[in-house]
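Read the structure below first, then the notes.
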Amino acid sequence: MKAVEANEIVWRPTQEQVERANVTRFMKAQGIGSYPELLQRSAREIEWFWQAALEDLGVEWYRRYSTILDAAAGFPWARWFVGGQVNLVHNCLDRHAAGRPSATALIWEGDDGEVRRLSYGELDRQVCALASALADAGIQQGDSIGFYMPMVPELVEAFLAVAKIGAVAVPVFSAFGPDALAIRLQDAGVKLLFTSDGCFRRGKKIPIKQSADSALSATPTVEKVVVLKRTGAEVQWNAQRDVWWEDFVGSRSGPAPTAVLEAEARCLIIYTSGTTGRPKGTVHTHGGVLAQTAKELGYYFDVVAEDRFFWLTDIGWMMGPWEIFGVLFHGAACMIFEGAPDWPKPDRLWKMIAGHRITHLGISPTAVRMLLRAGNEWVEPHDLSSLRILGSTGEPWDPESYGWLFRKVGREQCPVINISGGTEVMGCLVGCAPVYPLKSCSFQGPGLGMDVDVVDEAGNPVRGAVGYLAMRKPAPSMTRGFLNDNERYLSTYFSKWPEIWYHGDWARVDGDGFWYIEGRADDTIKTAGKRMGPAEIEAVLMTHPAVAEAAAIGVPHEIKGEVVVCFVVLRQDFRPGPALTEAISDHVVAALGKTVRPADVHCVEGLPKTRSAKIVRGAIKRRYLGLPPGDLSSVENVGILDSIPAPREEAQGD
């Protein structure tokens, strides 16, 4: 397979793809002739864009807003769709259940291969029953409801029921331990927790309620725990607090009212972890989440009612709620998955795509690298012709993995819609649309309706060089502060420049106007006066034939400031040794120059990752330097850190 160059145009839309696209419909209605023109105008006139886009997408309001954007209190405290009344669940479920009750809304596949499907009518009935049960339990608008569950249909039902009555969902990764769960439940003041006796992963029963019970001993605000029977495992029981799911819902049937809410009413509190300190609770609204997810799924991923959309995610990651709300808004089928993409065999993901005729696949670069390592023979037997769009987020790409996904999985016919943003904005700051060419590993530019820029230390635009990713104007979906910690919110995003959102990513815009994310600014390596993101080094490492996965960190050095230390996972046919690590170092030098020669290359068993498959460089660096581990609650495979070695004396380099 031919290698993909980083600056190569790899995909151009056909005329048919352009003509059928949702964003083309919007551009024609607005008299706009090209996608770059739309990007420029939508950043320049954000109020025009959001009003026109939400009308085009068909958002339904109980009462139309009087003011699109109120920034009188300043950028950090902007309010959107002021005076408007709306509810996510009306737009994502009620109207489809009324008009297309037999259409498929949800597809679920369990770890053991069990499949369940729910139509919009069936999903509506389950949501109404749960909404009535929540109301009968005394849950009111604004109450916080926790989710500590596997990816099963009941989770989606409860998630929608909470939004339907105007309560606030607080999703937490089911893989988190008791301490991480307790911190989040305490901070959000959770009143009721949905959980499960356990889940299945790689054929094993994984306990969940046991961890929940430990966390709840330190969380007095939780009054009731609703427990789903998933594995049949025996669990401890608090009769004053715990209730089985089926008993909580009972025999309730019939419709339940959908709350009429102000557009600024809260719907989600999602936690995002920093490298140190307590996790940050990002606060999202019905109007903001609705606007951003409807736009991104509609214009970037071109979702229509006939589609079947699957993003490999968990409810504890922003992409879980993003997928559920965004896909259901457009009346399409949303697929969720309980298991691992390479179990029981490395073709599990490809079998699911073929079996369910999935049209959209979203996946992280790290997950692609893992599946690539298994070999082409696991992909080729499966009919993936139903796919029309691929998606990715979470971290920078390397050209080899990007090219493999595009050519081997997408058959060179599916654009890779690369998006990047974060939990704090419930969406992306940069993205792509399927109506404009794509370079390998690239973004086409800022998100629509997002005034995003790449800037230097002074906050001035920079092109052709690495700079900071920043946002110059508010967005509807940006967090309304941090829960219980607005000073930290201001210091995180607005202390570097006044009235400019500092996102914390390095980015670059090339001479043709394509954008690239170069890694986190706090991961930056500065050696001998040269500053670069670890993603650039890792991309080079990944082009060496022995390397399957890679991470690069900066290590303090008395003379150079920092030196580069690399950690690589080898492909199956290679064995570690001095000659190989020297060859890998030489490979980096050949691509990036002598100043970036790694001071050390360590061959390791694996790299620490989140449940969403992002490599946690900060954990590697702290382990390597012998520092306190920091917040590891988002790391799924914490034990792999034991294979990270202590620094060697010779790592100081020359």
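The values are calculated or read from the model by the stated rules, or taken from the named source; none is laboratory data. Just so it is clear, the structure is predicted and the values come from calculations on it, not from any experiment. A quick note on method: Cβ atoms are made from the backbone with ideal geometry, for glycine too, and the neighbour counts reach across all protein chains shown. To get the accessible areas, we keep the full protein, side chains included, count just its heavy atoms, and leave off ligands, DNA and RNA. Shrake-Rupley method; radii C 1.70, N 1.55, O 1.52, S 1.80 Å.
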With charges only on Cβ, +1 for K and R and -1 for D and E, what is the dipole size of the chain about its Cα centre, in debye, rounded to 20? 340 debye
Solvent-accessible area per residue, Å², over region 384-463 with all protein chains present [probe radius 1.4 Å]: 22 Å²
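Counting only heavy atoms of protein chains, what accessible area per residue, in Å², does region 477-535 have with a probe of 1.4 Å? Write down the numbers at each step before the final one.
Details: 2360 Å² over 59 residues.
On a per-residue basis, 40 Å².
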Can you list residues whose amide H is under 5 Å from ARG520's amide H, if they're 5+ apart or on another chain and H is modeled 1.01 Å from N? TRP506
Computed accessible area, GLU296, all protein chains, 1.4 angstrom probe, square angstrom: 0 Å²
Hey, can you find the accessible area per residue of region 76-195 for me, probe 1.4 Å, expressed in square angstrom? 27 Å²
Using a 1.4 Å probe on the protein heavy atoms, what percent of the accessible area of region 70-141 belongs to carbon and sulfur? 44 percent
Taking H placed 1.01 Å from N in the peptide plane, check which residues at least 5 places from THR231 or on another chain put their amide H under 5 Å from its amide H. ASP197, GLY198
Can you compute the FRET efficiency between HIS557 and ALA583 using 1/(1 + (r/R0)^6), with r the Cβ-Cβ distance and R0 = 22 Å? Round to the nearest 0.05. 0.45
If R0 = 30 Å, then ALA218 and LEU490, at their Cβ-Cβ distance, give a FRET efficiency to the nearest 0.05 of 0.55
Enter the Cα centre distance for the pair region 610-644 and region 253-328, rounded to the nearest angstrom. 28 Å
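Between GLU246 and GLU16, 0.36 nm times their residue separation minus their Cα-Cα distance comes to what?
Stretched fully, the GLU246-GLU16 segment lengthens by 77.9 nm.
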Whole-Hz ³J(HN,Hα) from phi, Karplus 6.51 cos²θ - 1.76 cosθ + 1.60, for region 157-168, glycine and proline x: 4, 5, 4, 5, 5, 4, 5, 4, 8, x, 7, 10
Sequence-distant or interchain residues sharing an amide H contact under 5 Å with LYS609, placed H: which? VAL616, GLU636, ASN637
Per the 1.4 Å probe, what fraction of the accessible area of region 195-288, in percent, lies on carbon and sulfur atoms? 49 percent
Accessible area of region 343-449 with a 1.4 Å probe: how many percent of it is carbon plus sulfur? 49 percent
Spin-label pair VAL82/ARG202, simplified geometry with 7 Å Cα→Cβ offset, distance in nm: 5.3 nm
Cβ charges +1 (Lys, Arg) and -1 (Asp, Glu), total dipole of region 542-593, debye: 100 debye
From the list [x] 72, 62, 54; [y] 70, 65, 58; [z] 80, 50, 49, can you say which value of Cα extents along the principal axes in Å was derived from the structure given? [x]
For 283-291, 20-28, 573-581, ranked highest to lowest by mean beta-carbon neighbours within 10 Å, the order is 283-291, 20-28, 573-581
SER211 accessible area, nearest 10 Å², 1.4 Å probe? 30 Å²
25 Å Cα-Cα threshold exceeded, pairs from LYS295/LYS496; LYS191/LYS229; LYS229/LYS280; LYS204/LYS614; LYS191/LYS609; LYS345/LYS439: LYS295/LYS496; LYS229/LYS280; LYS191/LYS609; LYS345/LYS439
